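Written out below as C-alpha cells is the structure these notes cover.
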Amino acid sequence: MKRHVISLTILVLTIMLLPASVFGQNTPAVTGAGEATLPAGATYGGVSLSGLTFGTGVFIPGDSSAAGQFQATLLGTILGLTRNIEVAGQATTGTIASGTGTFSGTATVDMGDGLPPLTNVPFTVTATPTSLVLVLGSTTLPGTVTAGDITIQ
C-alpha cells in the first residue's frame, strides 16, 4: 500500500512540474476576471442593469473552435429591489484577431427570481483588455471594464 501512495505522489509531483506548454498554455486564449459597467438604460428580461462581474477562460486554437467557460453576474434592480442574474456559458466557437477575442456558445441563465433557469441561451462575448460586450439571445450588453483584467493571447 505504501508503495502505491509513494508512486502516486511521485506521479502528481511530476505532472505539477512539467512545463506549462504540455498543458496547452501556448494555445491562444481569452482569460480574465473583473467588473464592468453597463450604459444607462441597459436591461435584460425586464431587469434594469448597472454592471456585471465576470470570469472567463476560453482556449481558441485558431480553427474556429473554442473550449472553455464564461461566467457573469449581471447586477440589476427591479421594482427597487436588487436582482442578480447568473450566466454560465460553455464556449464552442471563437476567433482572435487584432487584440480582440470573440467566442460563442450556449448558456444557462438564472434570472434570480426563483423560477427554473433558462437553458441553451445563445451567447457571444467580444472582449478587449478594456471592454466586454455580452450578447445574450437578442440582447446586447456593452460593458466597460472598470476592475480586473482581460488577457487576449
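The numbers here are math on the coordinates, done by the rules we state, and not lab data. Computed from a predicted structure; not experimentally measured. Positions of Cβ are backbone-derived with ideal geometry, glycine not excepted, and every protein chain shown enters the neighbour counts.
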- prompt: Under 5 Å between amide H atoms, partner at least 5 residues away or on a different chain: which partners does residue 141 have, H built in plane at 1.01 Å?
  reply: 134, 135, 136
message: Could you tell me the calculated FRET efficiency between residue 77 and residue 128, based on Cβ-Cβ distance and R0 = 30 angstrom, to the nearest 0.05?
response: 0.60
message: Can you list residues from other chains, or at least 5 along the same chain, whose modelled amide H is less than 5 Å from the amide H of residue 43?
response: 49
field: Phi-based couplings in Hz for segment 133-141 (Karplus 6.51, -1.76, 1.60; Gly and Pro marked x)
entry: 9, 10, 10, 10, x, 9, 9, 9, 10
query: Ordered by residue, what ³J(HN,Hα) values in Hz, to whole numbers, does segment 54-69 give under the Karplus form 6.51 cos²θ - 1.76 cosθ + 1.60, where θ = phi - 60° and Gly and Pro are x?
result: 8, x, 8, x, 10, 8, 10, x, x, 10, 6, 8, 8, 9, x, 10
